[in-house]
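First up is the structure itself, then whatever we jot down about it.
The values are calculated or read from the model by the stated rules, or taken from the named source; none is laboratory data. Since the model is a prediction, treat every value here as computed from it, not as a measurement. A quick note on method: Cβ atoms are made from the backbone with ideal geometry, for glycine too, and the neighbour counts reach across all protein chains shown.
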Amino acid sequence: MPENDHLSFLKKILLRLLGFALTMLILSVVAFCFARCAPGDPLQSFYGDAVESMTSEELITARTRLGLDAPLTTQYVRWIGNAFQGDFGLSLKYKKPAMDVVSPLIGNTLILGLTSYLLVFLLATLLAVACALHEDSFADRLICKIGTAIYYLPSFWLGVVLILIFSIHLKWFPSSGAYDIGRARDILNRLRHMVLPLVVMIVSHLWYYAYMIRGKLLDELRQDYVLLAKGKGLTNRQIVWKHCLRNVAPTIVSIMAISIPHVLSGTYIAEAVFNYPGIGALSIESAKYHDYNLLMLLVLITGALVILSSMAAQTVNEVIDPRMKETGVSAWQR
Amino acid sequence: MGTVLEVTDYSLSFDTPEGEIQAVRNVGFALEEGEILAVVGESGCGKTVLCKSLLRLLPKNAVVKSGQVTLCGEDITAYSERRMRSLRGKQISMVFQDPMTTLNPTIPIGKQITEAILKHEKIGKQAAKAQALELLRRMEIDHPEERFEMQPHLLSGGMRQRCVLAIALASRPKVLVADEPTTALDVTVQTKILDLILSTCKESGIAVLFISHDLNVVARIADRVAVMYAGKIVEIGTAEEIFYDPRHPYTWGLLGAQPALAVQTKQLHSIPGIPPSLLNPPAGDLFAPRNEHALAIDYEEMPPLFQITPTHFAATWLLHPNAPSIEPPAFLKRGPRR
């Protein structure tokens, strides 16, 4: 039996890896085609204003040199061949390997994204539990109303207002950057730079998830097992924390997994508003300047993050609720 | 034998936007140690509401309008939620209808049982586990050590109901409220669970309030039977009295509607009409519109409980000295089996 388990586990891992590879491949094709369909000229970003004074012959040579003249399929095959060798091409705008452009910034984004991601879900769960415990009380209704109102504040506007109040008037927090020059390793300094972007991220995502979790908890509180737990003499608090939250956990984990792109896109806006050097701001820029190679790399990184996180969510769910284990049989066939 | 649970003139209503729903109306009964009292009646007659209100498990809009609940000599009617919590599981516990949904699907059953033990007893986790295993053994679950770690979905319905029973009995309560504990189960499993409830409760002197609409189940288990209609107890007596000498026309109807009788008479009796709405009920006996023996006074005044024997009471005007004498239906005419 255990040996059999072992084999099926290996098989499962292999299947998932295969699925991952396939998805990434499809993603790369789609992103490749879409980027090239967009109107605009990549030469503009490579040569800047110099393009306007170039002759058509010079333009053709430039295109050939950058490999932009070949048919789309040839371009793609060339690109993916290089990508497999770890070469993601030159960034047209920065004129250095795309990898070198991205690697120093990815850490900044991950720190900001991960912190806000964890904080959003931690606070959302706490808020949801507080609301569910006092369902339909004055406090619950007030929180629901305020939460909804705040959720609809545009985050770019909130960012600007925060800068105005806390950076310009009160001078408590810096208005831009990830750290002061030469203090990249100073954690406190980084934290000070992260406070305002974090506030924007949390405010713009918190209620959406808190409300979702609150609804799930309230559904759960109406289940029969809650009555049995109450019949044991457990307090409402114990029931919510020990029973309901555990049963809602798979849902929260699933929401967390599919929300990664959502929160990540939030970092993009926060990065843009606060001029925070990260791959979010870089992605927007690369799309704007037709920086194909850089864009492809960023899309692949983001895609890999999203797919890996949903795979991780599936694994975590199986641990929490063994009924979710894949049996190879769909619910309709059972 | 002492009285462990006494309910007197107990009324409970739900406040709803449409008005007051009188779910339980002037109910009174007493439960002795080790006694099994069955409450029977149609769906919606207030059986479950009565049970849940004893443990105060009802939503906030349920309001006690009158009466008292006395548990082990203490009037618990006005107990705070906090004090009720210390009673639940310890003095009074409840088994629910559907064992498929009353256990938490994600928590191993062992943990759900020890949770109930640890709530009321100051003992270590190991001791609690030992107690839980003992409980599972008493509930006749084989391989309790293995089952202890299992999630409910791996167990059968009967097995789950045994676990629910183990949870309910974990802290040796004085009163067990069983709300149709066998309705959701297979017939063969039903009898096993019934026998289990019967034997454990008789052994440990636990009083049981047993809710059911299945008269066969009631006949097997109950010492006394209360018949409930529209939130009221219309007849109460020993099982013998209710089954062999019923006096209320509603009880006649219930007994007559048993499929087993239809086998003999080739005709399935039913009680005409539907149960009344308990939203602003009219004056008089609520059963009158469905009662072929209804008297004029039935539509005007609620009948009091007439005493027939020291243990047998029925609320019907037919028992009034001035009432015409009405014979119970023929199929009920069989003397008590000795």
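Please specify each residue of the stretch A:141-153 satisfying the condition of being modelled with pLDDT of 90 or more and either among the charged types (D, E, K, R) or surrounded by 13 or more Cβ atoms within 10 Å (Cβ to Cβ) (or both).
A:ARG141, A:ILE143, A:CYS144, A:LYS145, A:GLY147
Filter the stretch B:1-53 for residues that are free of Cβ contacts under 8 Å to residues at least 60 places away in the same chain and among the aromatic types (Phe, Trp, Tyr) and give the result.
Hits for the stretch B:1-53 are B:TYR10, B:PHE14.
Looking at A:ASN293, A:ASN317, which is the one that is of a type outside the set (Val, Ile, Thr), part of a helix (DSSP H, G or I) and within 14 Å of another protein chain (Cβ to nearest Cβ)?
Values: A:ASN293 fails: within 14 Å of another protein chain (Cβ to nearest Cβ).
When all the criteria are applied, what remains is A:ASN317.
Being modelled with pLDDT under 80 and surrounded by 17 or more Cβ atoms within 10 Å (Cβ to Cβ) narrows it down to one residue among B:PRO328, B:PRO336, B:PRO303, B:PRO276; which is it? Full working, then the answer.
Working: B:PRO336 fails: surrounded by 17 or more Cβ atoms within 10 Å (Cβ to Cβ); B:PRO303 fails: modelled with pLDDT under 80; B:PRO276 fails: modelled with pLDDT under 80.
Unique residue meeting the criteria: B:PRO328.
Can you spot a residue in the stretch B:90-101 that is under 19 Å from B:ALA222 (Cα atoms), part of a helix (DSSP H, G or I), among the hydrophobic types (A, V, I, L, M, F, W, C) and under 17 Å from the mean Cα position of the chain (by Cα)?
If we filter the stretch B:90-101 for residues that are under 19 Å from B:ALA222 (Cα atoms), which is where we start, we get B:92-97.
Subsequent filtering for residues that are part of a helix (DSSP H, G or I) retains none.
No, the stretch B:90-101 contains no residue that is under 19 Å from B:ALA222 (Cα atoms), part of a helix (DSSP H, G or I), among the hydrophobic types (A, V, I, L, M, F, W, C) and under 17 Å from the mean Cα position of the chain (by Cα).
Among all residue pairs at least 6 apart or on different chains, which show Cβ distances below 8 Å where the first residue, located in the stretch A:70-85, is surrounded by 13 or more Cβ atoms within 10 Å (Cβ to Cβ) and the second is among the β-branched types (Val, Ile, Thr) and assigned to a helix (DSSP H, G or I)?
Within 8 Å, the pairs are A:TYR76/A:VAL29.
Which of (1) away from chain A (no Cβ under 14 Å); (2) part of a strand (DSSP E or B); (3) aliphatic (A, V, I, L, M) is the odd one out, the single condition B:LEU50 does not satisfy?
Condition not satisfied by B:LEU50: (2).
Residues are listed down the side, and each one gets a yes or a no for (1) hydroxyl-bearing (Ser, Thr, Tyr); (2) touching a residue at least 24 places away in the same chain (Cβ under 8 Å); (3) assigned to a loop (DSSP other than H, G, I, E, B):
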position	(1), (2), (3)
A:ASN189	no, no, no
A:ARG192	no, no, no
A:LEU198	no, yes, no
A:TYR209	yes, yes, no
A:SER254	yes, yes, no
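Does B:LEU154 fit the bill of being under 22 Å from B:ALA184 (Cβ atoms), free of Cβ contacts under 8 Å to residues at least 60 places away in the same chain and within 11 Å of chain A (Cβ to nearest Cβ)? Show your work before the answer.
Working: under 22 Å from B:ALA184 (Cβ atoms): yes; free of Cβ contacts under 8 Å to residues at least 60 places away in the same chain: yes; within 11 Å of chain A (Cβ to nearest Cβ): yes.
Criteria met by B:LEU154.
Would you tally the residues in the stretch B:103-124 being touching a helix residue (DSSP H, G or I) at 6+ places or on another chain (Cβ under 6 Å), buried (at least 23 other Cβ atoms within 10 Å of the Cβ) and within 7 Å of chain A (Cβ to nearest Cβ)?
3
Can you name every residue in the stretch B:54-102 that is of a type in the set (Val, Ile, Thr), in contact (Cβ under 8 Å) with a residue 60 or more places away in the chain and either facing chain A (nearest Cβ under 8 Å) or under 26 Å from B:GLU20 (Cβ atoms) (or both)?
First, pick out the residues of the stretch B:54-102 that are of a type in the set (Val, Ile, Thr): B:63-64, B:69-70, B:76-77, B:92, B:95, B:101-102.
If we keep only those that are in contact (Cβ under 8 Å) with a residue 60 or more places away in the chain too, we end up with B:69-70, B:92, B:95, B:102.
Of everything in the stretch B:54-102, those that are of a type in the set (Val, Ile, Thr), in contact (Cβ under 8 Å) with a residue 60 or more places away in the chain and either facing chain A (nearest Cβ under 8 Å) or under 26 Å from B:GLU20 (Cβ atoms) (or both) turn out to be B:VAL69, B:THR70, B:THR102.
Looking at the stretch A:98-135 only, could you name the residues that are without any contact (Cβ under 8 Å) to a residue 60 or more places away in the chain and among the hydroxyl-bearing types (Ser, Thr, Tyr)?
A:SER103
Inspect the stretch A:134-141 for any residue being among the hydroxyl-bearing types (Ser, Thr, Tyr) and more than 17 Å from A:TYR276 (Cα to Cα) and give the result as yes or no.
yes
Can you say whether B:ARG220 is among the basic types (Lys, Arg) and closer than 28 Å to B:GLY73 by Cα, as far as the supplied structure shows?
Working: among the basic types (Lys, Arg): yes; closer than 28 Å to B:GLY73 by Cα: no.
Criteria not met by B:ARG220.
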